[in-house]
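Note sheet for the following structure.
Each value in this text was obtained by applying a stated rule to the coordinates, not by laboratory testing. These numbers were taken from a predicted model, which means no experiment stands behind them. Positions of Cβ are generated from backbone atoms using ideal geometry, with glycine treated the same way; all protein chains shown enter the neighbour counts.
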Amino acid sequence: MAKDASTVTKVTSSHWGAFEVDVADGRIVATRPFAHDPHPTGIPDILPQAVHHASRVAHPAIRRGWLETRSRSGRGADEFIDLPWDEALDIAAREIDRVRKTHGNEAIYGGSYGWGSAGRFHHAQSQVHRFLNSIGGYVASFGSYSTGCAQAIMPHVFGVDFLQLLYEHQDGWPTIHNHTETLVMFGGVNPKNAQVSMGGVTEHETAGWFDRFAAKGMRCVNIAPQRGDAPEGCDWLPVRPGSDTALMLALAHVLESEGLTDHAFLDRCTTGFERFRPYLMGEVDGTPKTPDWAEPICGVPAQTIRELARRMAATRCFITVAWSLQRAEHGEQPYWMSAVLAAMLGQIGLPGGGVGYGYGAIGGVGKSLLGLRGMTFSQFQNPVQKTIPVARIGDMLRHPGQPYDFNGRRDTYPDIRLIYWAGGNPYHHHQDLNALHEAWQHPDCVIVNEPWWTATAKRADIVFPATTPYEREDIGRSNLDDYLFYMPQLIPPVGKARDDYAIFAELARRMGAGDVFTGGLEAGEWIAKLYDEFRALAAAQDIEVPDLDTLKRENWVRLPIRAEGPNRTLFAPFRENPDAAPLGTPSGRIEIFSDTIDGFGYDDCPGHPVWLPPTEWLGCAGDAAPLHLVSPQPGDKLHSQLECALADRPGARPVTVVIHPQDAKARGIAGGDLVRVFNARGAARARAHLSDGIRRGVVALPTGAWFGDPGTNIDPHGNPNVLTRDTGTSRLGQGSSAHTTLVDLARDDGSA
Ligand SMILES: Nc1nc2c(c(=O)[nH]1)N[C@H]1C(S)=C(S)[C@@H](COP(=O)(O)OP(=O)(O)OC[C@H]3O[C@@H](n4cnc5c(=O)[nH]c(N)nc54)[C@H](O)[C@@H]3O)O[C@H]1N2
Ligand SMILES: Nc1nc2c(c(=O)[nH]1)N[C@H]1C(S)=C(S)[C@@H](COP(=O)(O)OP(=O)(O)OC[C@H]3O[C@@H](n4cnc5c(=O)[nH]c(N)nc54)[C@H](O)[C@@H]3O)O[C@H]1N2
Ligand SMILES: [Mo]
């Protein structure tokens, strides 16, 4: 688009990176890649249309049935009445006050999971949590949909918080480049997912590293149902979804039976191998976990498994595991077993050896940066002690007062009367959405702050229109990135939208907690205060950060925080001297057998890693649902964000489902056909894309389409979460099991 004199161009930041924005007459008119990004993403292209889209929430709105009679039925079906801000805020504050006085703050669910926006101050989750804490607290959530299961299991194995492992310890790409000879990637290293990172990734470098690996002759093995789960040029072992643990066990069996296990390392640095070995060798159950045993389970030929194991032992080998593997039933097992396999190889603590998690899952993993602290808006302490594992929200709403197990603890679900959501879209992210819609009718009131009429906003009683990051100023910065941004306010708020901060300040004031929530500061004053704190903390680490006025003028700076030297290596000091630098596990060692987990007595997560067949996978697929559905992240955007603009593109909806040509042929499906993807839980419409880059028997339908209106028997846009199972990964992790789903496909004539 040609720029005229009135066009202003600024840089802003987002979860998918930095980009330039052209603004004219108060509207975003165009975007362009950030000049310093070697592999920019196309996601910002849809931004101008989305920000000014007709589906923006223009006014505070209250559902008619709730406004008139406080009726709980009709969520998602009723029309909404627009109200002036003051009136809507009065009504919401009265309702929150009523619930906390009548039922206590334990009746308020504010877990409010979701990615919201990338700015540091206007971080919607911090805002809603601080507000709820300032009025007496709320039921919170533990973990994320991304890594909830890993966050529960990995501290038992390595004695480190899983996210800390990710941020502070794992080998950087330069280390892998310099040392690794064999890169074995369970679930791949997905270039499309590396476009995105929590808080932003400015230089998208993941794909570039694979070009360098190829040039160096590194052998990269992509063990995943889709070839595209790793960059081009990698070997592809099309594994059956949900079966990686069996494959890892077979690799371990080869090591042990061929004398390739590093027992010296196991003795020095691990505990419990002697309790795991009888299971591996079949001495306890009569089933040795050989490659021949694994072949029919995972679909990888036994001879391939043997050769791979030998190569892994003979070369510097780095194992990576995608987050998708633990977003599945028994997701604890491949995570734990990958650590055991790496321990048996004896390379943990050597540069470019051992195991790492989430490379490619988000863009910043593999960047070696000095850690900086600060710029966090305090959420205060939560006076309510109750938390649920984040992905158990459906169970919580369905089973108030019922007991459940989680990571060694037995608790009961609270009786939720009010849900407050800001910065997330549960009708995007949760599983079995038809069941969630039923459960969602239980609370007295649902309040949502949202810029767009998402499926969640449509299922609320009170909706407050929130600004997008382009309508307010903020600071952009991520722990996995070395850039710092001033995110200027680019346009005035669209419609009557207000910042989450302003909405919560007004609600808090009405509930007598205004000063507590705001601390007497305006948004701009908070940004300056948090920035100055950050700057002082950085200065204490000898890192110079410009003052805020300079940053505002410059728009962005690159911080000198790339770690010196390429050799960041996970657990190197521990390997060197495990007595002097013990891990945080009870034994101080890597736990191949965990007495703690064993003591929980869970049959779905016993004391050492085991192969447990999932409830739904190709090993038990029948006539009713013969295909395994994987529902990966969308390549063209972030989750459900900006969906309205994509959905408007001709032919873009319903979403594309990837199917193997032979599976399509067996169903009379041709490329481009409309199809129905279905199982006993629901049905979604999609458009077939035939590809031999997906394993036979597997279909892939990405997440991100907005869930349709209730009352239709098929989701018209292609939301996979009408099909997925809503069960925890196990009693230990209780994470999301989204990838454990069987379905069938049929041609669809397009009628409802
Ligand atoms: N089947 C299946 N389901 C999955 C997954 C899967 O692999 N398969 N993956 C899961 C994972 S890992 C994740 S992280 C989740 C993602 O699920 P979510 O994080 O819930 O998805 P988003 O679409 O990013 O939702 C963010 C919402 O915040 C809104 N928003 C943006 N900025 C602001 C703001 O400033 N204020 C307010 N109030 N709102 C704002 C956006 O419009 C959007 O509706 O999905 C999960 N669901
Ligand atoms: N463009 C874009 N990037 C994103 C996001 C986005 O919405 N858009 N979301 C971000 C978020 S919040 C997260 S958490 C990460 C998620 O990162 P991941 O969890 O790693 O990604 P997914 O897209 O869920 O799955 C990646 C691939 O895993 C494969 N897979 C599924 N099940 C199995 C299995 O059992 N075994 C094996 N070996 N492979 C399996 C599938 O083929 C799938 O394509 O992505 C982030 N990156
Ligand atoms: Mo995620």
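Using only helices, what value at 222 nm comes out for the chain when you add -39,500 (n - 2.57) per DSSP H run of length 4 or more and divide by the total residues, to the nearest 500 deg cm²/dmol?
-8000 deg cm²/dmol
At a 10 angstrom cut-off on C-beta neighbours, averaged per residue, how do the peptides 302-308, 334-340 rank from highest to lowest?
Going by the mean number of other Cβ atoms within 10 Å, highest first, we get 334-340, 302-308.
Rank these for me by crowding, PHE504, PHE213, going from fewest to most other beta carbons within 10 Å.
PHE213, PHE504
Between the DSSP loop rule and a limit of at most 16 other Cβ atoms within 10 Å, which GluC sites (Glu not before Pro) in region 160-244 are left?
In loop regions of region 160-244 (DSSP not H, G, I, E or B), the sparsely surrounded GluC sites (Glu not before Pro) are GLU232.
Stokes-Einstein diffusion coefficient for the chain at 25 °C in a medium of 0.890 mPa s, Rh from the Kirkwood formula over Cα pairs: what value in µm²/s?
Translational diffusion coefficient: 92 µm²/s.
Could you please state, rounded to a whole Å, how far the C-alpha centre of region 655-699 is from the C-alpha centre of region 258-307?
That distance is 36 Å.
How charged is the neighbourhood of PRO334? Take every other residue with its Cβ under 15 Å from the Cβ of PRO334, and add Lys/Arg as +1 and Asp/Glu as -1.
With Lys, Arg at +1 and Asp, Glu at -1, the net is -2.
Would you work out the charge dipole size for region 429-565 about its Cα centre, treating the Cβ of every Lys and Arg as +1 and the Cβ of every Asp and Glu as -1, and quote it to the nearest 20 debye?
Taking the Cα centre of region 429-565 as origin, the dipole is about 360 debye.
Considering only DSSP beta bridges where both residues belong to the chain, give the percentage that are antiparallel (nearest 5).
Expressed as a percentage, antiparallel bridges in the chain total about 50.
What relative contact order, as a whole-number percentage, does region 8-51 give when Cα pairs under 8 Å and 6 or more residues apart are counted?
Relative contact order of region 8-51: 29 percent.
Cysteines of the chain lacking any other cysteine beta carbon under 4.7 Å?
If one checks each Cβ against the other cysteines of the chain, CYS149, CYS269, CYS298, CYS317, CYS445, CYS605, CYS620, CYS644 turn up with nothing under 4.7 Å.
Cross-link partners among aspartates and glutamates for LYS216, C-alpha distance below 19 Å, same-chain residues fewer than 8 apart left out?
Answer for LYS216, where 19 Å is the Cα cut-off: ASP171, GLU181, GLU205, GLU232, ASP235, listed by chain and number.
Find how many whole Å separate the alpha carbon centroid of region 490-511 from the alpha carbon centroid of region 1-68.
That distance is 19 Å.
Which of LYS496/LYS529; LYS10/LYS552; LYS192/LYS665; LYS192/LYS458 have a Cα-Cα distance over 21 Å?
LYS496/LYS529; LYS192/LYS665; LYS192/LYS458
In percent, what relative contact order does the chain have, based on Cα pairs under 8 Å that are 6 or more apart in sequence?
For the chain, the relative contact order is 21 percent.
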